[in-house]
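Heads up: the structure comes next, in structure tokens.
Values in this text are rule-based calculations from the coordinates and carry no lab data. Model, not experiment: these values are computed from the prediction. Cβ placement follows ideal geometry from the backbone for every residue including glycine, while neighbour counts extend to all protein chains displayed.
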Amino acid sequence: EESLVESGGGLVQPGGSLRLSCAASGFTFRKSPMTWVRQAPGKGLEWVSVINDGGSSTSYTDSVKGRFTISRDNAKNMLYLQMISLKPDDTAVYYCAKWPGGTIADVNARYREYDFWGRGTQVTVSS
């Protein structure tokens, strides 16, 4: 059975840092492009970052560029998101997910019909 388990969220002050982890199982992780997606209170899903299967290529949504770093360890079936200089607008439930296909231009729309989610991990940035 395919599984994604997020962890590492918590309450941090603005300007703080946090590292999220995602443990994957039940599929060939090393061949799967992976993403982080978040949902802020009262908002829709927002794609945050993607990493290719080998970990050599990454992309980010504009609001997190320069602050977030996505990485993976294929030997451990783990995906990570290192977040620094956190802002209150980063407050959201963060999910790891498979790439839904298509391009970055339509990724948010595609995730509205995506059906493989973990529980997510809550990140709250507040003073």
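For the reader, a short list of remarks on this structure follows.
- Extending 7 Å from Cα along the Cβ direction at residue 63 and again at residue 84 yields two label points whose distance is 2.1 nm.
- Three-way shape call for segment 1-100 based on the alpha-carbon gyration tensor, with the a/c threshold at 1.5: prolate
- Chain lengthening between residue 7 and residue 74 when straightened (0.36 nm per residue, less Cα-Cα): 22.4 nm
- Theoretical ellipticity at 222 nm over the chain - DSSP helices of four or more residues, -39500 (n - 2.57) apiece, nearest 500: -1000 deg cm²/dmol
- Packing-based order for 101-112, 47-58, using average beta carbon neighbours within 10 Å, highest first: 47-58, 101-112
- Taking every lysine pair in the chain that is 8 or more places apart or spans two chains, those with Cα atoms closer than 22 Å amount to 8.
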